[in-house]
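> Structure incoming, see below.
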Number of protein chains: 6
Amino acid sequence: MKSERFDLGFRTLMHINEEAGRETYTSLKEISPDFADMLIEFPFGDIYSRQQLDIRSREIATISALTVLGYATPQLSSHIHAGLNVGLSKEEILEIIIQMSVYAGFPAAINALSAAKGVFDERARVSEPEGNAR
Amino acid sequence: MKSERFDLGFRTLMHINEEAGRETYTSLKEISPDFADMLIEFPFGDIYSRQQLDIRSREIATISALTVLGYATPQLSSHIHAGLNVGLSKEEILEIIIQMSVYAGFPAAINALSAAKGVFDERARVSEPEGNAR
Amino acid sequence: MKSERFDLGFRTLMHINEEAGRETYTSLKEISPDFADMLIEFPFGDIYSRQQLDIRSREIATISALTVLGYATPQLSSHIHAGLNVGLSKEEILEIIIQMSVYAGFPAAINALSAAKGVFDERARVSEPEGNAR
Amino acid sequence: MKSERFDLGFRTLMHINEEAGRETYTSLKEISPDFADMLIEFPFGDIYSRQQLDIRSREIATISALTVLGYATPQLSSHIHAGLNVGLSKEEILEIIIQMSVYAGFPAAINALSAAKGVFDERARVSEPEGNAR
Amino acid sequence: MKSERFDLGFRTLMHINEEAGRETYTSLKEISPDFADMLIEFPFGDIYSRQQLDIRSREIATISALTVLGYATPQLSSHIHAGLNVGLSKEEILEIIIQMSVYAGFPAAINALSAAKGVFDERARVSEPEGNAR
Amino acid sequence: MKSERFDLGFRTLMHINEEAGRETYTSLKEISPDFADMLIEFPFGDIYSRQQLDIRSREIATISALTVLGYATPQLSSHIHAGLNVGLSKEEILEIIIQMSVYAGFPAAINALSAAKGVFDERARVSEPEGNAR
């Protein structure tokens, strides 16, 4: 039986990014079940679920952080999805990343923009009517 | 005569943090006048003044970035002031920093919280009626 | 009333570094009581208290990490104390830091060695009989 | 004729990770023969071969450092092999990485866990009796 | 119509790395046309075109910076090309990267050397007479 | 008796920055005599003394690297001195740092410019005839 923190965290994660959330949890579960649970409990159960900051602002903060780190591309793509899911527009996400050129330099921003393009393209493919697929 | 980008950047900077803005500009001016102008023109004239993202969101992004960098304490303090100036509450700023513990670790978050406390205390002193000072 | 995780975390922290532990907790408590509790609960309650790795090995890992980060000097000093408290010798701590020159470069190692010296000197002063003080 | 430092370093490297050691040396040799020698001489001849710290502790320190850097995945995989070779258990290696979530954040830890899984899987495949392969 | 800064920046970029320059600009143009222009205007129009530092020295500085960042491999490859284009020899480029082992550690240097080898090999293939190709 | 590498390294270090070189060596000597020797032997004996890159270019590379690291202020100041000693002008050093705003962001560049100002001011004071002091 999982803790309350886990349940709250899981609901929060499902709300912001169900697909990548399930995927990350399942794949971590195979490597370290305890850490998979901690990922749900601490970031999503303890932090993201708090009322002190709205979820849109949280995703702005996270997209910025992951752009600055430079090496966290899978997590960045996942939170670009999350940002779109919780109401950020594509233009806003691009703008957050562009602004990071000031604080972390152009290479970090350019690589993050290319991750954003990947996410936008993927969502465009998925939402297109089947007949147009090629 | 300064460029339009400079004028726009300077107005933007004055809006978000007049005191630290003037101080940084003046002190950079002594070291490299050209770079002092670039700081006004590129980050504030080209980026912060764009309409694609509201200024409150921009400060969320910047406070996150500076927390993650870890070494940018003077800039972080200055943007905590800016965040308060453009409408972030103290609770929201603390929450942004707390969330960074997930992405950059606890030491980065703890040091940034201590910078936030420094800014909050300074503003409390300044806004207190003189008679209460001790 | 605090959670079990808090109690376990607090005992763990008291075991590895009582003085700095209390100080950090108290000072964080003034800035963000919730985050002060999270610091006890997640790193010390959830992680350090696990049996999968002995505490001496945990401090080796942490001293390495904090040396690599470069900006986390207060935390590094605190974990150099912790390392000595849980049985690492001065020579071992110096050697861990020296090895970091290979992975994070000489400046990170040199600055961390100087933090180590600060800790060793402080402990030497404290443990000296009073009559020798000058 | 190679220096004594080279010989000592080469023996040390062969002891901790013969396969990846030879591979890295050979491939660096093609790019810069001088630097290939320096890699043997300084990290392995001068540092890893010293008696001030046992080799198990050295690998704990290195796995931590490489997890924190975030971008050093090939080196991390190589030192996860090395860690196993010198006596760390899988559980201990996972635990070192999990602990790094506290100091460098969850993305660094998650990416390192996935590198660890890659190494564990590779070693499982290699050690399996041929008949079971598929 | 583009600004003077853009024109100056574009000429500068074409001078140091025409192929990668066009490619980066075109690909950024698809993601964010404004930021594509800023990349030409600020780094290349405002900075690289200044007379205070010769272009060879600028590429030494950039190759060093990108090696230290660790995650900026595409940009590093592009500036290794640029360095060769503006007169750095292969030996000098390798030596700059080797020196970075002192400041950012061996993994950053090793990964950058491998990027350099990639660039050298690519240029060797391109410059070889067709008949030798295979 | 010291090794040949030490002697070569020491001469190289004395050539580029006698004062800071002696200071760093002496102060490291108190913490870890072995590592103090390694600092002379590896960076200065093995790397800086090689003929593949002229010393002016080496200092450009190092000033860039230390600016990017962000936390290495004492080492940066020391290499700004070194840069001036081996023939870089103040304008060139400022320009190298300014260029780093493109790769590591404005906070790293601003903090490094302020370190440069500190070095320039110190050298101005030292070189002024006594009668002018005040």
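> Being in a helix (DSSP H, G or I) and more than 13 Å from chain C (Cβ to nearest Cβ): is that true of F:ALA116 here?
Yes; evaluated as a whole, the condition is true for this residue.
> Also: Tell me whether region B:1-13 contains one or more residues that are within 28 Å of F:TYR71 (Cβ to Cβ) and within 14 Å of chain C (Cβ to nearest Cβ).
No; the residues of region B:1-13 include none that is within 28 Å of F:TYR71 (Cβ to Cβ) and within 14 Å of chain C (Cβ to nearest Cβ).
> Does any residue of region B:92-106 turn out to be in contact (Cβ under 8 Å) with a residue 40 or more places away in the chain and either farther than 30 Å from F:LYS117 by Cα or among the hydroxyl-bearing types (Ser, Thr, Tyr) (or both)?
no
> For the condition surrounded by 22 or more Cβ atoms within 10 Å (Cβ to Cβ) and under 17 Å from D:SER89 (Cβ atoms), what is the one hit in C:ALA65, C:ALA61?
Criteria check complete, one pass: C:ALA61.
> Right, here's the next one. Just one of (1) assigned to a helix (DSSP H, G or I); (2) within 14 Å of chain B (Cβ to nearest Cβ) trips up C:VAL126, so point out which.
(2)
> In addition: Give region F:93-109 a look and list any residue that's of a type in the set (A, V, I, L, M) and within 21 Å of A:ILE97 (Cα to Cα), or say none.
F:MET100, F:VAL102, F:ALA104, F:ALA108, F:ALA109
> Using beta carbons and a limit of 8 Å, which pairs, at least six apart or on different chains, have the first residue in region B:25-48 and within 18 Å of B:SER78 (Cα to Cα) and the second one basic (Lys, Arg) and surrounded by fewer than 18 Cβ atoms within 10 Å (Cβ to Cβ)?
That search, which allows pairs on different chains as well, returns B:ALA36/B:LYS29.
> Got a sec? Which helices (runs of 4 or more DSSP H) wholly within region B:44-106 have at least 1 residues that are of a type in the set (Lys, Arg) and within 14 Å of chain C (Cβ to nearest Cβ)?
Per the criteria, B:90-104.
> Which one of these does C:ASN111 not meet: (1) in a loop (DSSP other than H, G, I, E, B); (2) facing another protein chain (nearest Cβ under 10 Å); (3) not acidic (Asp, Glu)?
(1)
> Among the residues of region F:80-96, is any surrounded by 22 or more Cβ atoms within 10 Å (Cβ to Cβ), assigned by TED's automatic domain parsing to the domain that holds F:VAL126 and among the polar types (S, T, N, Q)?
Looking through region F:80-96, none of the residues is surrounded by 22 or more Cβ atoms within 10 Å (Cβ to Cβ), assigned by TED's automatic domain parsing to the domain that holds F:VAL126 and among the polar types (S, T, N, Q).
> Suppose the filter is at pLDDT 95 or above and more than 30 Å from A:LEU69 (Cα to Cα); does F:PHE35 pass it?
Spelling it out, F:PHE35 is indeed at pLDDT 95 or above and more than 30 Å from A:LEU69 (Cα to Cα).
> Quick one: would you say D:GLY70 is on the phi > 0 side of the Ramachandran plot and at pLDDT 95 or above?
Criteria met by D:GLY70.
> State whether one or more residues within region A:2-17 are in a helix (DSSP H, G or I) and within 27 Å of E:PRO43 (Cα to Cα).
Within region A:2-17, not a single residue is in a helix (DSSP H, G or I) and within 27 Å of E:PRO43 (Cα to Cα).
> Something else now. Return yes when D:TYR25 is away from chain C (no Cβ under 14 Å) and under 14 Å from the mean Cα position of the chain (by Cα) and no when it is not.
When the stated conditions are applied, D:TYR25 passes them.
> Let me ask another. Taking region E:10-37, which residues are among the hydroxyl-bearing types (Ser, Thr, Tyr) and under 19 Å from A:LYS117 (Cα atoms)?
E:THR24, E:TYR25, E:THR26, E:SER27, E:SER32
The values are calculated or read from the model by the stated rules, or taken from the named source; none is laboratory data. Since the model is a prediction, treat every value here as computed from it, not as a measurement. Note that each Cβ is placed from the backbone with ideal geometry, even for glycine, and that neighbours are counted across all protein chains shown.
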